[in-house]
1. Using only Cα atoms and rounding to the nearest 10 degrees, what angle (0 to 90) does helix 59-70 make with the longest principal axis of the chain?
2. Which of the chymotrypsin sites (Phe, Trp or Tyr not before Pro) found in the chain are loop residues per DSSP with 13 or fewer other Cβ atoms within 10 Å of their Cβ?
3. Please list, in chain and number order, the residues 5+ apart from Phe7 or on another chain whose amide H is under 5 Å from its amide H, with Hs placed from the backbone.
4. Pop out the carbon and sulfur fraction of the accessible area of the chain as a percent, whole number, probe 1.4 Å.
5. I need the Kirkwood Rh of the stretch 4-53: take the reciprocal of the average 1/r across all distinct C-alpha pairs and report it in angstrom.
6. Are there GluC sites (Glu not before Pro) in the stretch 1-74 that DSSP marks as loop and that have at most 13 other Cβ atoms within 10 Å, and which are they?
7. Roughly how many Å² is the accessible area per residue of the chain, as a whole number, for a 1.4 Å probe?
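The values are calculated or read from the model by the stated rules, or taken from the named source; none is laboratory data. Everything numeric in this text was worked out from a predicted model, so none of it was measured. Using ideal geometry, Cβ is built from the backbone for each residue, glycine included, and neighbour counts are taken over all protein chains shown. Accessible surface is based on the protein model in full, side chains and every heavy atom, while ligands, DNA and RNA are left aside. Shrake-Rupley method; radii C 1.70, N 1.55, O 1.52, S 1.80 Å.
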Amino acid sequence: MADEFSFEIVKNLGTVAEGKGGWNLELNLVSWGGRPAKYDLRSWSPDHQKMGKGSTFTAEELKALKSLLSNLEIE
């Protein structure tokens, strides 16, 4: 039998985009399986019980991404 899947949104940091049906692309601090929270970017249903595919980052990875984005020329 598979282990029970658990998560907790520790802190909502903001909405990046609003999607159809109330699903939003959000940056949150999420604890997966009771482990320490990481930065997480993914789409969430309005009640935060369902999620889409996303990316999870440590603080160091998010700092590197922030640096990369701040030097990026966006057209």
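1. That works out to roughly 40 degrees.
2. In loop regions of the chain (DSSP not H, G, I, E or B), the sparsely surrounded chymotrypsin sites (Phe, Trp or Tyr not before Pro) are Phe5.
3. Gly33
4. 54 percent
5. It works out to 11.0 Å.
6. Answer by residue number: Glu4, Glu73.
7. In whole numbers, the chain has 80 Å² accessible per residue.
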